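The values are calculated or read from the model by the stated rules, or taken from the named source; none is laboratory data. Quick caveat, the model's predicted, so the values are computed rather than measured. When we count neighbours, we look across all protein chains shown, and the Cβ atoms used for this are built from the backbone with ideal geometry, even at glycine. For the accessible areas, the whole protein counts, side chains as well, though only heavy atoms, and no ligand, DNA or RNA atoms are used. Shrake-Rupley method; radii C 1.70, N 1.55, O 1.52, S 1.80 Å.
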Amino acid sequence: MVARFIGLLLFISCCTAQVWGQYAIINGFVKDENGKPVEYVAVAVIGTETGVSTNAKGYYFLQVPSGKNITIAYSALGYAAQIRTLYLRAGENHESNIVLKNQSKELGPVTVKDDRSRYEAGTINLDPRVANINPSTIGGIEGMLKVFVGSNNELTSQYSVRGGNYDENLVYVNDFEIYRPFLVKSGQQEGLSFINPDLVSTVNFSVGGFQAKYGDKMSSVLDVGYKKPTEFSGSFMASLLGVNLHLEGLSKNKKLTYLVGVRQKSNQYLLQSQPTKGIYNPSFTDVQALVNYHFNDKWEMEAIGNYARNRFIFIPEEQTTSFGVLNQAYQLQVAYNGSEMDQFDSRFAGFSTTFHPNKKLKLKLLLSGFQTNEQETYDILGEYLLGQLQTDLGKQNFGQIQSSLGTGLIHDYARNFLTVNVGTAAFRGSYDANKNYIQFGLDATSVSINDHIHEWEQRDSSNFNQPYNVLGAITLDTFYHGEADLNYMRYTGFIQDNFRFHDSSGVTGSIGLRYNYSTINNEMVVSPRLQLAQKPHWKRDVVFKFAAGIYAQPPFYREMRDPQGNINTNLKSQKSFHIVLGSDYNFKLYNRPYKITTEIYYKGLWDLDPYTYDNIQVRYYAKNDARGYVYGGEVRLYGDLVKDATSWVSIGLLKAQYSIEDDNFPKSTPLPNDQRFMLGMYFEDYLPTNKNFKVHLNGIFTSGLPFGPPDKPAYADTLRMPSYKRVDIGFSALLLNGARKEKPVHSFFNHIRSIWGSLEVFNLLGIQNTLSYTWIQDQKSGNVYAVPNRLTSRLLNVKLIFNF
């Protein structure tokens, strides 16, 4: 298969004519605020390989494409980046002189971002610099995303987008598709996400209506680009939750660049605030490296590698949970015996080579492999007492159990083992035909899965086995058992054209077609997709956007496994139709830049595979017997509420319903991620007299998700959890500024650019949020009690960041 792709690469490169377009010239001087020339300023056309650096006089000369909108970025270390969008005719010589503002007191290097997202429906603007300063228990890029799309669990990096579950989201790093462990049930086990925020340069996140070049999932795309270093630098971060180290640099001839990141995380401190007390020993290690070699203007190679070692050992001891209302309160006390030990080891390696036969044609070959070996083993026996609390303030035993409602045992057991191997050979190409930018690609993916699941739960209440058997037989409350050994191929491909109409119309767009074929079920799916954007010639800077398309999600391992552990290899792809309408408005208020984006959307769903949640793990029914829909709207405001401090607010409404093709099933019931309302915000501020002292505030409010008794079918999930409310705050101070001139000549800190210290307060308001419920039944009375499983309480975290 690899030989075929290499042959195709050579064939295309030999048969492609050398077509040279017409160009324009842009030149000028770059100076600082004092009028002094700035040397080594990177001047680049975003989205292309075109770029130069200023000379000692701050002068630059750049040949750029003509006949279309281009975005020029000016960036230099210690200065705030500037962006210019231009439209030049063929042969035109345009002078553009730039003044860069000093920004030596920022937490990290300046990241240049283009305005391409303005013209793509469903795209959210993200600044990767915020990832390491955002006060969040999970941190990273996903910690930022959850402020925009909502969350109900601060222990996991998983996120739900517009009514879908996490399995419906695509993640790419440098064009490689990223996978994650499959058996993880809870955020306690999860560990680190693949994306290392210290290595990130660009983040594009689409919440729906994305282009044909992206793969086959139904909800979202997170497309991350890692850095290309321009000098040697690095960072070191240490906190109560772990340590991070990263190094980056380049060779003397600047042809070789490298990135290395090492992370060690332990949630032990965080998990101490859980209601279940015991011995927690989580250890999550991640090592990544990216090497790029630029042979010449035509050839470039890149290699990326990752190893993740996740261990979770848990010996529970006791749990005390109080719940109910003021005049009817209950308490569950549990004494545990047993332990849990989970191991998740994953490896990823990718290699790509890029060939530019000329300035218009780009060809890229990618080879990648992913392997995960997972073990989930636990044997835990819990002996519980459920009692009613004394709620009379005048009584001596106020707040204590006054009467017992029942006792019992819950025995959880699992021996689950999984090995997954995924290998992919992919080809990508693009051709710049002035007002048309054509992209195409082919993928061949080999999937191998070996699975053994054996998991059960036994319950006993007041000497009665649950569920009760009139014959006296011992029955299990839940039982999952199955084995699978699967090997199959998946073939995908796409072609799309990013186009621009006549310049007077201001209309741009993308139209594409994607196909997917899997040998496991012999299903071929074709997905057309369209995006349009129009920027009217108004005084106000407004862009209107539209997107529509078909999105199919071929079944992977978990979708094919039913609750009993059986594998349905005939399962079809889940499918959806997206339609998105939106607008993007840039304006100034009190001489500060602001942006407001609005979108409304509708998703029609069919061939759905219904599912329920087990903590954060999705358990499917392995049937294509459901249809549904999701509709809603979102408004987001970005801007400097405080001058030179980034802030944003996001508000969303949605309704997500589905129905099963069964006469006994109601016509419509909420999807498990039917989160009706979401409010997220991020706010920065600083002392008016000293910008080196900053505050970062992160807040989320979401309405409760549907739930129901575990022994009932999914359509019985008509109850609602309490709303999720959380505020995290961080205070940071610049302890050392490497740019100051009064440092000693031989100071140890000469090579340190900055040292920042942070104090973070997680769950500032101390709100007890509910993740799920444990259902306790008293066999004597027949009553069933929903005991909430709560998340983390208020905690402090201290963090130090060294940039060098």
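Of all residues in the range 428-451, none satisfies being part of a strand (DSSP E or B), open to solvent by 50 Å² or more (accessible area, probe 1.4 Å), of a type in the set (Asp, Glu) and farther than 30 Å from Thr519 by Cβ.
Could you tell me whether any residue of the range 21-38 is at pLDDT below 50, in contact with an Asp or Glu (Cβ under 9 Å, 6 or more places away or on another chain) and under 27 Å from Lys228 (Cβ atoms)? Checking the range 21-38: at least one residue is at pLDDT below 50, in contact with an Asp or Glu (Cβ under 9 Å, 6 or more places away or on another chain) and under 27 Å from Lys228 (Cβ atoms).
Restricting the range 512-549 to residues that are outside any strand (DSSP E or B) and in contact with a Gly (Cβ under 8 Å, 6 or more places away or on another chain), the residue that is surrounded by the most Cβ atoms within 10 Å (Cβ to Cβ) is Lys535.
For every residue, the table says whether it meets (1) at pLDDT 90 or above; (2) within 29 Å of the chain's Cα centre (by Cα); (3) farther than 30 Å from Phe232 by Cα; (4) open to solvent by less than 30 Å² (accessible area, probe 1.4 Å).
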| residue | (1), (2), (3), (4) |
| --- | --- |
| Ser758 | yes, yes, no, yes |
| Gln779 | no, no, yes, no |
| Asn783 | no, no, yes, no |
| Val787 | yes, no, yes, yes |
| Arg794 | yes, yes, yes, no |
| Phe802 | yes, yes, no, no |
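Annotation note: of Leu100, Leu88, the sole residue that is modelled with pLDDT under 85 and of a type in the set (A, V, I, L, M) is Leu88. In the range 383-415, which residues are closer than 22 Å to Leu476 by Cβ and either aliphatic (A, V, I, L, M) or within 35 Å of the chain's Cα centre (by Cα) (or both)? Answer for the range 383-415, where residues must be closer than 22 Å to Leu476 by Cβ and either aliphatic (A, V, I, L, M) or within 35 Å of the chain's Cα centre (by Cα) (or both): Leu386, Leu409, Ile410, His411, Asp412, Tyr413, Ala414, Arg415. Among the residues of the range 616-665, just one is open to solvent by 70 Å² or more (accessible area, probe 1.4 Å), touching a residue at least 60 places away in the same chain (Cβ under 8 Å) and not hydroxyl-bearing (Ser, Thr, Tyr), namely Lys623. Only one of the numbered conditions (1) surrounded by 19 or more Cβ atoms within 10 Å (Cβ to Cβ); (2) more than 35 Å from the chain's Cα centre (by Cα) is not met by Phe344, and that is (2).
Number of residues in the range 227-274 that are more than 28 Å from Phe731 (Cα to Cα) and either in a strand (DSSP E or B) or not β-branched (Val, Ile, Thr) (or both): the value is 16.
Each row is one residue, and each column tells you yes or no for (1) touching a residue at least 24 places away in the same chain (Cβ under 8 Å); (2) surrounded by 20 or more Cβ atoms within 10 Å (Cβ to Cβ); (3) in contact with a Lys or Arg (Cβ under 8 Å, 6 or more places away or on another chain).
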| residue | (1), (2), (3) |
| --- | --- |
| Val207 | yes, yes, yes |
| Ala212 | yes, yes, yes |
| Lys217 | yes, yes, no |
| Val224 | yes, yes, no |
| Ser239 | yes, no, yes |
| Gly249 | no, no, no |
| Asn253 | no, no, no |
| Lys265 | yes, yes, no |
| Tyr269 | yes, no, no |
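Inspect all residues belonging to the range 350-371 and state whether any of them is without any contact (Cβ under 8 Å) to a residue 40 or more places away in the chain and open to solvent by 20 Å² or more (accessible area, probe 1.4 Å). Scanning the range 350-371, I find no residue that is without any contact (Cβ under 8 Å) to a residue 40 or more places away in the chain and open to solvent by 20 Å² or more (accessible area, probe 1.4 Å), so the answer is no. Of Gly509, Gly482, all but one fail to be open to solvent by less than 30 Å² (accessible area, probe 1.4 Å), at pLDDT below 95 and within 20 Å of Ala547 (Cβ to Cβ); the exception is Gly509.
Before we move on, is Tyr724 buried (at least 18 other Cβ atoms within 10 Å of the Cβ), modelled with pLDDT under 95 and of a type in the set (Phe, Trp, Tyr)? No, not satisfied. Of the residues Asn570, Asn521, Asn586, the single one that is within 30 Å of Phe683 (Cβ to Cβ) and polar (S, T, N, Q) is Asn586. Evaluating Lys572 against the criteria (1) open to solvent by less than 10 Å² (accessible area, probe 1.4 Å); (2) farther than 30 Å from Tyr119 by Cα leaves one unmet condition, (1). Candidates Gln328, Gln333, Gln319: the one that is at pLDDT below 95, buried (at least 20 other Cβ atoms within 10 Å of the Cβ), on the phi < 0 side of the Ramachandran plot and not hydroxyl-bearing (Ser, Thr, Tyr) is Gln319. Residues in the range 79-94 that are in contact with an Asp or Glu (Cβ under 9 Å, 6 or more places away or on another chain) and surrounded by fewer than 19 Cβ atoms within 10 Å (Cβ to Cβ): Ala80, Ile83, Thr85, Tyr87. The residue of the range 364-403 that is nearest to His452 (Cα to Cα), among those that are among the small types (Gly, Ala, Ser) and part of a loop (DSSP other than H, G, I, E, B), is Gly399.
The listed residues are Asn134, Asn152, and the only one of them that is of a type in the set (S, T, N, Q), within 25 Å of Ser576 (Cα to Cα) and in a loop (DSSP other than H, G, I, E, B) turns out to be Asn152.
For the range 129-148, which residues satisfy the criterion of being out of contact with any Ser or Thr (no Cβ under 6 Å at 6 or more places or on another chain), open to solvent by less than 20 Å² (accessible area, probe 1.4 Å) and not small (Gly, Ala, Ser)? Matches in the range 129-148: Val130, Asn134, Pro135, Thr137, Ile141, Met144, Leu145, Lys146, Val147.
Exactly one residue out of Tyr613, Tyr601 is open to solvent by 70 Å² or more (accessible area, probe 1.4 Å), in a strand (DSSP E or B) and hydroxyl-bearing (Ser, Thr, Tyr), and it is Tyr613. Scanning the range 47-61 for residues that are surrounded by fewer than 19 Cβ atoms within 10 Å (Cβ to Cβ) and not in a loop (DSSP other than H, G, I, E, B) yields Gly51, Val52, Ser53, Tyr59, Phe61.
Filtered by the rule that a residue be touching a Pro at 6+ places or on another chain (Cβ under 8 Å) and under 21 Å from Lys228 (Cα atoms), the range 51-65 gives a lone residue, Thr54.
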